[in-house]
1. For L95 paired with Y80, estimate the spin-label separation in nm (one decimal), with each label point 7 Å from Cα along the Cα-to-Cβ line.
2. Roughly speaking, what is the stretch gain from I21 to E158, that is 0.36 nm per residue apart minus the C-alpha to C-alpha distance, in nm to one decimal?
3. Rounded to the nearest 0.05, what FRET efficiency is calculated for F49 and E165 with R0 set to 22 Å and r the Cβ-Cβ distance?
4. If r is the Cβ-Cβ distance from V145 to M5 and R0 is 45 Å, what FRET efficiency results, to the nearest 0.05?
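Rule-based calculations on the coordinates, nothing more; no lab input. Note that the coordinates shown come from a computational prediction; the quantities given were computed from them, not determined experimentally. Don't worry about glycine lacking a Cβ; one is built from the backbone with ideal geometry, like all the others, and counts go over all protein chains shown.
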Amino acid sequence: MKKLMQRLSPPGMRLTAEKAIVAVCWSLSTIWAVGTFITNYLFERNFLFHPEGDLEFLRGGIPPIPSFAALTEGASLGFYTTALIISGFTTFRFLYFIQGSKSIYLIRRLPQRTALFKQTAALPLLGIAVTWMIFLVLTGMMIAVYLLATPKWGLPAEPFKDIWEVFACWKLIS
């Protein structure tokens with residue numbers, strides 16, 4: 001993995017700060033998404049039960065909990081921010097070639113026409129792909145919790161009616 005990262009980076013560039021920033025962003029994004037879902041889910045799920053002493057009983061005649069998309073609204077915000085930060089590394093890597101010894105002239109003379117793209121954009125694109133893979137796996141785990149921890153009668157008729165809104169960024173802006 002280390003050799004791959006060195007091969008996909010400009011020569012002489014230190015990657016410790018970049019790796020640390022990406023790791024922190026992935027961690028905070030995961031915490032934000034899980035925290036958003038768990039908070040919303042537990043708040044809505046508590047309406048399905050009413051306590052009597054030490055026992056909890058299921059309530060009847062109340063509407064089911066909201067759809068999965070409604071419970072995860074805003075959970076993708078951290079992952080969009082992480083993807084934006086990682087894409088900014090492409091600009092930083094390109095500027096690395098321009099500063100100092102101006103090695104941009106050397107890399108443009110190489111016979112491999114994709115050398116500049118490979119060393120400036122390949123690793124950030126890989127980081128963005130890993131970011132979305134983490135989000136997809138996390139969404140799958142949240143769906144499993146949503147389906148397994150909710151009583152069947154507490155689920156809405158169409159629990160995944162607007163599932164595409166989980167991944168939509170325009171929902172975050174409005």
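1. For L95 paired with Y80, the spin-label model returns 2.5 nm.
2. 45.4 nm
3. 0.20
4. E between V145 and M5, to the nearest 0.05, is 0.85.
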